[in-house]
Amino acid sequence: MSDVVDAIISQWVKERPEVQEDLWPVELLARVQRLARVIDKTARATAAAHGVEHGEFDVLTTLQRSGPPYTLTAGSLLKASMVTSGAITNRIDKMEAKGLVERVREGDDRRSVKICLTEYGHEVTRAAFADHLANYAQLLDGVDRDLVEKTAEGLRQVLETLGDTATTVE
């Protein structure tokens, strides 16, 4: 069986035979890129079905998995989301307007702000996350579980080699 990446490699070999030996990274990385697009498309649709944007879903789940009291600083959310501070502020503004989160100021220091998941935010997160997991399971439904586990281990090794070795998340 072949896929579009095989076709791309074949085209390059035909067009530039001298690079054939240099195309080996494309075997993995192009497939990872294509897979990321498929996952992103379905994840965005799942989030939208619950009235949130994909980035908002990311904030909701980050707050939920942080555990009680489901509150993080804006800085912690910024680190977890890998977007600019302006983008996270905009995201939190929209989420606060929807009633998903609230800003909580600590004491007299107006610079110290925590973002707290509201009860409505909990409800949306629970429902959206259940659908998110079902979506992931459906994406991999036709793939052998042993292959999924071996692929996950292989990708973990690639990420470790690339320096993505954090053992904690915000």
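The values are calculated or read from the model by the stated rules, or taken from the named source; none is laboratory data. For clarity, every value in this text was computed on a predicted model and none was experimentally measured. Ideal geometry is used to build each Cβ from the backbone, glycine not excepted, and the neighbour counts take in all protein chains shown. Remember, those area values only see protein heavy atoms, side chains included, never the ligands or the DNA or RNA. Shrake-Rupley method; radii C 1.70, N 1.55, O 1.52, S 1.80 Å.
Brief remarks follow.
- Verdict on Gln20 being touching a Lys or Arg at 6+ places or on another chain (Cβ under 9 Å) and at negative phi: no
- The stretch 95-142: number of residues that are among the basic types (Lys, Arg) and at pLDDT 95 or above: 2
- The residues on offer are Phe129, Phe57, and the sole one that is aromatic (Phe, Trp, Tyr) and within 30 Å of Val4 (Cβ to Cβ) is Phe57.
- Those residues of the stretch 13-44 which are surrounded by fewer than 13 Cβ atoms within 10 Å (Cβ to Cβ), under 30 Å from Phe129 (Cβ atoms), of a type outside the set (Val, Ile, Thr) and in contact (Cβ under 8 Å) with a residue 12 or more places away in the chain, in sequence order: Asp40
- Just so you know, in the stretch 1-40 the residues that are in a helix (DSSP H, G or I) and acidic (Asp, Glu) include one that is nearest to Tyr136 (Cα to Cα), and it is Asp40.
- Top-ranked residue of the stretch 120-170 - restricted to ones that are more than 25 Å from Lys41 (Cβ to Cβ) and outside any helix (DSSP H, G or I), ranked as least open to solvent (accessible area, probe 1.4 Å): Gly163
- Output for the stretch 61-70, where each listed residue is among the small types (Gly, Ala, Ser) and either assigned to a helix (DSSP H, G or I) or in contact with a strand residue (DSSP E or B) (Cβ under 6 Å, 6 or more places away or on another chain) (or both): Ser66
- Annotation note: of Leu78, Leu63, Leu72, the sole residue that is farther than 22 Å from Leu139 by Cβ and touching a Phe, Trp or Tyr at 6+ places or on another chain (Cβ under 9 Å) is Leu63.
- Pairs where the first residue, in the stretch 131-149, is touching a residue at least 24 places away in the same chain (Cβ under 8 Å) and the second is of a type in the set (Gly, Ala, Ser) and not in a helix (DSSP H, G or I), C-beta under 6 Å, 6+ apart: none
- Residue list for the stretch 49-68, restricted to those being farther than 25 Å from Leu155 by Cα and exposed (fewer than 14 other Cβ atoms within 10 Å of the Cβ): Ala49, Gly51, Gly67, Pro68
- Among residues of the stretch 71-103, those that are open to solvent by 60 Å² or more (accessible area, probe 1.4 Å) and outside any helix (DSSP H, G or I), counted: 5
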